[in-house]
Amino acid sequence: MSSHTRSSHSQAASRRTFLKQGTALGAAVALPSLTMRAAANNNSKVRILHVGVGGIGGMQRGQLRNHPKVEFAFLSDVDTNALKNVGRQLPKAKQFSDYREVFEKHLDEFDAVIVDTPDHHHAPMMTRALAAGKHVYGQKPLVHQLDELRQIREVLARRPELHTQMGNQRACFTGRMQAVEILKRGQLGKPVEAHVWTGTVSRGHYFDAPWRELPPAKPTPAHMNWKLWNGPLQKPMPYTDDIAPRRWRSYWETGGGQLADWGCHLIDLLYFAFDMPDPEAVVTNTMRPSNDSHSAYNQSTITYPGGKGFARDKFVMYYNDSGINPSWASLGLPHMREGANRTLVVCTEGTLLLEPGGGMKIFRKGKLVNNEPKPKVAPRHHWHDWVENILGNKKPLWTPFGIGSRITEPALLATKATRFPGQELRWDAKNYRFTNHEQANKTILKRNYAKGFEPVSA
């Protein structure tokens with residue numbers, strides 16, 4: 001072996017040791033491997049670690065596999081059946097049950113991480129990846145706890161060179177981009193108030209019944225590593241198919257109910273269109289507080305400072321689940337039968353009603369307008385734009401984590417306030433605490449994490 005080869009091997013080993021130690025300390029700093037490779041080879045690919053390969057993960061891979069410079073290098077999932085199934089499609093990708101093992105043993109071998117897991121895993125995984133210098137694509141809602149907003153933002157502030165994208169693909173639908181432009185340019189005047197509502201919280205494909213206690217445990221299937229599925233939870237959830245693989249969304253410790261699950265797809269319009277300030281108060285009315293599972297028929301009022309750019313000194317968003325429509329008569333609008341998951345923005349010169357897929361209705365003086373001009377918008381590819389930025393090709397990103405955390409914030413406030421129905425909680429967004437409710441500060445801001453799954457601190 002030549003001295004040059006020995007030197008190269010020694011340097012590589014030293015770097016691996018440094019990175020492993022850094023990760024163990026919760027502050028790994030990875031060199032920009034992709035940038036270095038790309039400088040020497042224009043054919044370099046973005047190597048991805050995909051955590052959580054089932055469910056929504058299939059959509060991510062489907063959108064990214066047709067990008068010529070994407071390589072799925074590692075797959076991680078607590079379900080070995082899911083790993084095997086995806087592994088048949090991606091035979092070159094290395095498979096791991098525990099994503100932490102990939103960080104400890106293969107940190108030099110991937111450039112980006114996709115997090116497609118239940119909500120309670122988001123912050124530990126995303127902060128670890130960001131601290132290690134990895135670009136991140138993460139599912140919505142961005143985090144599960146209000147204090148995790150702080151944790152994500154602090155790590156991001158240390159790694160401004162990294163490219164992030166929250167799983168808010170609907171923002172790139174043509175109709176939704178047009179709605180943003182209509183509101184942003186003041187086509188309907190200044191914003192007065194907003195009404196947002198989600199669907200019914202009931203037992204189905206993704207949700208379990210509201211106010212339900214934890215279901216009795218069932219034997220854990222051999223293909224499922226349930227300890228890893230619980231991960232950050234100090235008090236593990238029982239295994240049952242009422243929780244995994246999908247209905248975890250209904251439970252307090254793992255999901256955010258309809259309010260948090262759909263919030264980012266609906267509230268985003270306000271944040272893209274207006275210079276939204278930090279929310280200052282939330283009150284959620286419900287029939288009874290959330291328990292092990294989330295409540296239903298939640299009607300939340302989130303208040304923002306108004307003033308410049310807004311029609312009033314306060315801007316209020318009324319955010320409901322269970323398909324609760326606003327009062328059309330009080331808004332001066334004709335009675336409508338609108339389905340779930342809608343965003344209604346009342347402005348001084350008109351009102352805009354937006355569907356998740358981008359379908360839009362505009363009202364002026366209480367009447368539906370059929371000839372409202374719609375601006376031209378450039379097409380965007382939610383997933384490919386993220387990759388192109390990683391490759392050094394600047395593309396607009398609709399929902400990087402900076403704004404993704406801001407969109408997640410009101411959805412979490414509405415959700416967490418269901419533990420204190422009818423009580424106004426005054427929110428200090430800069431210090432991540434409630435100013436008027438110490439019990440809320442003690443119970444709904446943060447969680448204690450199981451050892452080995454703590455978010456990486458800045």
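With respect to Asp275, determine if the residue is among the charged types (D, E, K, R), touching a Gly at 6+ places or on another chain (Cβ under 7 Å) and not in a loop (DSSP other than H, G, I, E, B). Taking the combined requirement at face value, the residue does not satisfy it. Counting residues in region 189-196 that are outside any loop (DSSP other than H, G, I, E, B), touching a His at 6+ places or on another chain (Cβ under 6 Å), within 30 Å of Gly422 (Cβ to Cβ) and outside the structural domain of Pro118 (by TED's automatic domain parsing) gives zero.
Would you be able to say whether some residue in region 377-384 is farther than 16 Å from Arg150 by Cα, of a type in the set (D, E, K, R), in contact (Cβ under 8 Å) with a residue 40 or more places away in the chain and crowded, with 16+ Cβ neighbours inside 10 Å? Checked against the condition, which is being farther than 16 Å from Arg150 by Cα, of a type in the set (D, E, K, R), in contact (Cβ under 8 Å) with a residue 40 or more places away in the chain and crowded, with 16+ Cβ neighbours inside 10 Å, region 377-384 yields at least one hit. Applying the condition of being surrounded by fewer than 22 Cβ atoms within 10 Å (Cβ to Cβ) and among the charged types (D, E, K, R) to region 171-190 and asking which residue is farthest from Leu344 (Cα to Cα) yields Arg185.
Of all residues in region 227-270, those satisfying the criterion of being surrounded by fewer than 19 Cβ atoms within 10 Å (Cβ to Cβ) and either in a helix (DSSP H, G or I) or free of Cβ contacts under 8 Å to residues at least 12 places away in the same chain (or both) are Lys227, Leu228, Pro236. If I ask for residues that are surrounded by fewer than 19 Cβ atoms within 10 Å (Cβ to Cβ) and within 22 Å of Leu391 (Cα to Cα), which ones from region 93-117 would you list? Correct list: His106, Asp108, Glu109.
Contact annotation: residue pairs with Cβ atoms under 6 Å, 6 or more positions apart or on different chains, pairing a residue in region 340-368 that is without any contact (Cβ under 8 Å) to a residue 24 or more places away in the chain with a partner that is of a type in the set (A, V, I, L, M, F, W, C) and assigned to a strand (DSSP E or B), are Leu353/Leu344; Lys361/Leu353. Looking across Val102, Val51, one residue alone is among the β-branched types (Val, Ile, Thr), within 25 Å of Ala260 (Cα to Cα) and outside the structural domain of Gly452 (by TED's automatic domain parsing). It is Val51.
Please work out if Asp77 is over 20 Å from Trp226 (Cα atoms) and surrounded by 23 or more Cβ atoms within 10 Å (Cβ to Cβ). No; evaluated as a whole, the condition is false for this residue. Considering the conditions (1) more than 21 Å from Val155 (Cβ to Cβ); (2) buried (at least 18 other Cβ atoms within 10 Å of the Cβ); (3) modelled with pLDDT of 95 or more, Ser44 is excluded by exactly one of them, (3). Flag: Lys134 does not match the condition of being of a type in the set (Lys, Arg), touching a strand residue (DSSP E or B) at 6+ places or on another chain (Cβ under 8 Å), over 22 Å from Pro356 (Cβ atoms) and assigned by TED's automatic domain parsing to the domain that holds Gly359. Taking (1) modelled with pLDDT of 95 or more; (2) within 26 Å of Glu253 (Cβ to Cβ); (3) surrounded by fewer than 15 Cβ atoms within 10 Å (Cβ to Cβ) in turn, Asn393 satisfies each apart from (2).
The values are calculated or read from the model by the stated rules, or taken from the named source; none is laboratory data. This one's a predicted model, so the numbers in the text were calculated from it and none came from an experiment. Cβ: placed from backbone, ideal geometry, glycine included. Neighbour counts: every protein chain shown.
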